[in-house]
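Heads up: the structure comes next, in structure tokens.
The values are calculated or read from the model by the stated rules, or taken from the named source; none is laboratory data. Everything quoted here is computed from the prediction, not taken from an experiment. In this analysis, Cβ positions are derived from the backbone assuming ideal geometry, glycine residues included, and neighbour counts consider all displayed protein chains. Remember, those area values only see protein heavy atoms, side chains included, never the ligands or the DNA or RNA. Shrake-Rupley method; radii C 1.70, N 1.55, O 1.52, S 1.80 Å.
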Amino acid sequence: MASGELLAISDLHVAADENKDIARKLRPGSDHDSLLVAGDVGEMSDDITWALEMLAGRFEKVVWVPGNHELWTPKQDPLQLRGEARYLELVRRCRELGVVTPEDDFPVWTGRGGPVTIAPLFVGYDYTFRPAGTSTTEEALAVAHESGVVCTDEFLLHPDPYPSRDAWCRARVDHSEKRLAECDPDLPTVLVNHYPLVRQPTDVLWYPEFAQWCGTVRTADWHVRHRAAAAIYGHLHIPRTTFYDGVRFQEVSIGYPREWKRRGLPDEPLRRVFPQES
């Protein structure tokens, strides 16, 4: 990852035909551009493979982290693996395509803005972004069910072999912290995760109950502790750039057609990480 631009995108949701058309049009500006894909390519395993194979054939290097949708097990998907087994099968497919995953060595970007360590992370959520007035997971989920705002993960994202999604999240936090601690301490990082690593981006959600499916308080200081030059995420479908503790957080999602049609789609859907957008 030595030249060109470092670009990012997430939440392609290629099950929608209009989004699949967007994916087909994604192209690098040069032969040396690399791409960070921050999850939610799709739900069906073949759609995910199709999109990543296409992007891997165009960009010098593609780095992928899973979103919640990739981890669903839809009844109509020929791949009926659940939980960690499904994730590891997607990792296997990515490796066949030359796509970097959270289970691989972290690459170093040495182009403009570098050198920085690119750290693809798979850290989920543990229901700690709770609604006001709640102090336990049970209370938080009760509020969500009462309001009718319940993430589809509760029905399609299975945590096997872990006893719960929050237990899987805790295991992934521990795993990711170990990987980050092994990074070169002299290099800054670009942290790539499907969910925001801090809670503040969820403050603008139309339905605040949904925040509990959007991350964990255990990552709140990672951008400081792990020398982040930028943190890339998706999931919220609210593309924007914000700063916390002086660190740039870029939400790089496309979202569903009904969402991007309302706000308008930029001429260039790919967001530039390095060199930094002006």
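In the complete set of protein chains, residue-level accessible area for residue 30 is approximately 40 Å², probe 1.4 angstrom.
The alpha-carbon atoms of the stretch 99-169, seen along their principal axes, cover 50, 29, 19 angstrom, with the largest extent given first. With r defined as the distance between the Cβ atoms of residue 152 and residue 224 and R0 fixed at 45 Å, what FRET efficiency is calculated, to the nearest 0.05? With a Förster radius of 45 Å, E is 0.85.
Given 0.36 nm per residue, what is the gain on full extension from residue 80 to residue 164 after removing their alpha carbon distance, in nm? Each step should come with its number before you reach the end.
Numbers: separation 84, 0.36 × 84 = 30.24 nm, distance 1.86 nm.
Taking 0.36 nm per residue and subtracting the Cα distance, the gain is 28.4 nm.
Name the chymotrypsin sites (Phe, Trp or Tyr not before Pro) in the stretch 167-244 that are in a loop by DSSP and that have at most 15 other C-beta atoms within 10 Å, would you?
Working: sites: 168, 206, 210, 213, 222, 233, 243, 244; in loops: 206.
Listed in order of number, the matching sites are 206.
Each Lys and Arg Cβ is given +1 and each Asp and Glu Cβ -1; about its Cα centre, the chain then shows a dipole of about 440 debye.
Quick one: net charge around residue 177, please, counting Lys, Arg +1 and Asp, Glu -1 for every other residue with C-beta under 12 Å from its C-beta. Write out the running numbers ahead of the final one.
Values: positive: 170, 172, 178, 179, 218, 225; negative: 174, 182, 221.
Charge balance near residue 177 sits at +3.
Coupling constants for the stretch 32-44 follow from the phi torsions by the Karplus curve (6.51 cos²θ - 1.76 cosθ + 1.60, θ = phi - 60°), and in residue order they are 10, 6, 10, 10, 9, 10, 8, x, 6, 5, x, 10, 7 Hz; glycine and proline get x.
Legend: Rg and Dmax of the chain, from Cα coordinates, 17.5, 52 Å. Computed over the chain with a Gaussian network model linking Cα atoms closer than 10 Å, the most mobile of 13, 194, 145 is 145.
In this structure the amide hydrogen of residue 108, modeled in the peptide plane, comes within under 5 Å of the amide hydrogens of 118, none closer than 5 places in sequence on its chain.
Computed extension length for residue 262-residue 137: 41.7 nm, one decimal, from 0.36 nm per residue of separation with the Cα-Cα distance subtracted. Averaging over all projection directions, the Cα-based convex hull of the stretch 139-198 occupies 5.8 nm² in the image plane. Counting only protein heavy atoms and using a 1.4 Å probe, the accessible area of residue 141 comes to about 40 Å².
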